[in-house]
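Here's the structure, in structure tokens; my notes come after.
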Amino acid sequence: MLLQILTLFPEMFNGPLRCSIIKRAQEQGLVEFRIWNFRDFTTDKHRTVDDVPYGGGDGMVLKPEPIISCLKAVQRDNPPGKVILLTPQGELFKQAIAREFAAEEHLILICGHYEGFDERIRAWVDREISIGDYVLTGGELAAMVVSDAVIRLIPGALGSDTSAQDDSFSENILEYPQYTRPYEFEGMTVPDVLLSGHHARINDWRRKQALLRTALRRPDLLKDLSLSAAEQKYLEEKLNETTFGNREEVK
Ligand SMILES: C[S@@+](CC[C@H](N)C(=O)[O-])C[C@H]1O[C@@H](n2cnc3c(N)ncnc32)[C@H](O)[C@@H]1O
């Protein structure tokens, strides 16, 4: 995948791109990053990227010309890319969108700044993405979040291609509780079923824990899950015996 990022702060990407799975994915040739500073596409001697808003108001607005000239340059000589604008007004970023993006050959992420960008930029954009209902200073952190979530889903990026399958949200369900050694820590022990070596029982326990955890923490996700009659009964029973305020994991 070719992942191109248009930003006023290329240096912000130095750290995240040089660590862990993202670094390894680049070394393996699974993803190539190209970071562009759209200030380099200004034509005036002050390299102006922003201007006051028409109609008045606080702050500065990103001008369309540098961003669109930069976009045209990054699209030249490459297979057409999906252009994504990072904006708090966009579609909420979810695992399903990360999966869609992971199947693309070429993504172009545009990071806004200041009060945002001239509305006309939207005519060049395929998709608008928000990473949450809050306002960041700029789109850079959002672009890093999107890139990270997407790259780990490219086949080969994780040690094992099944690693992402059980992650929270991969099936609209939160992940089950995980434990590692030691068996006992500060008086708390690991659920015995996980030491049983009995895979069917372990899978059953994990599925139930994941369902219960989702019901307690993210009931909004449950409506998109198809549950068996037995699973529904299990959840109803557990939720009845779990009073509010004591709604932590049930063993
Ligand atoms: C300070 S924000 C501008 C917010 C704009 N005035 C508004 O209300 O929509 C500057 C830039 O940060 C980025 N940004 C801020 N919050 C974001 C979010 N939740 N998701 C994605 N990008 C965000 C966008 O690129 C935005 O153009």
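The values are calculated or read from the model by the stated rules, or taken from the named source; none is laboratory data. The model shown is predicted, which means the values in this text are computed figures rather than measured ones. In this analysis, Cβ positions are derived from the backbone assuming ideal geometry, glycine residues included, and neighbour counts consider all displayed protein chains. All accessible areas refer to the heavy atoms of the entire protein, side chains included, with ligands and DNA or RNA removed. Shrake-Rupley method; radii C 1.70, N 1.55, O 1.52, S 1.80 Å.
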**OP:** Could you please let me know if Pro66 is on the phi < 0 side of the Ramachandran plot, open to solvent by less than 50 Å² (accessible area, probe 1.4 Å), in contact with a Ser or Thr (Cβ under 7 Å, 6 or more places away or on another chain) and within 15 Å of the ligand (Cβ to nearest atom)?
**Re:** yes
**OP:** Give the residues of the stretch 83-116 that are more than 6 Å from the ligand (Cβ to nearest atom), part of a strand (DSSP E or B) and within 18 Å of Phe38 (Cα to Cα), sorted by residue number.
**Re:** Val83, Ile84, Leu85, Leu107, Ile108, Leu109, Ile110
**OP:** Can you tell me which residue within the stretch 11-37, out of those that are of a type in the set (D, E, K, R) and in a strand (DSSP E or B), is nearest to Ala142 (Cα to Cα)?
**Re:** Arg34
**OP:** Quick one: in the stretch 38-57, of everything that is of a type in the set (Phe, Trp, Tyr) and not in a loop (DSSP other than H, G, I, E, B), which residue is surrounded by the most Cβ atoms within 10 Å (Cβ to Cβ)?
**Re:** Phe38
Subject >> Residue that is least open to solvent (accessible area, probe 1.4 Å) [pool: residues in the stretch 147-165 that are touching a Phe, Trp or Tyr at 6+ places or on another chain (Cβ under 9 Å) and under 21 Å from Arg218 (Cβ atoms)] >> reply: Ala149
Subject >> Among residues of the stretch 117-139, those that are within 9 Å of the ligand (Cβ to nearest atom), open to solvent by less than 20 Å² (accessible area, probe 1.4 Å) and more than 14 Å from the chain's Cα centre (by Cα), counted >> reply: 1
Original post:
If you go through the stretch 166-200 one residue at a time, how many are β-branched (Val, Ile, Thr), open to solvent by less than 70 Å² (accessible area, probe 1.4 Å) and either in the same structural domain as Phe93 (by TED's automatic domain parsing) or part of a loop (DSSP other than H, G, I, E, B) (or both)?
Top reply: 2
Subject >> Pairs, first farther than 18 Å from Leu30 by Cα in the stretch 91-111, second outside any strand (DSSP E or B) and charged (D, E, K, R), C-beta under 8 Å, six or more apart >> reply: Leu92/Asp133; Gln95/Asp167; Cys111/Glu140
Original post:
Taking the condition in a loop (DSSP other than H, G, I, E, B) and open to solvent by 30 Å² or more (accessible area, probe 1.4 Å), does Asn203 pass?
Top reply: no
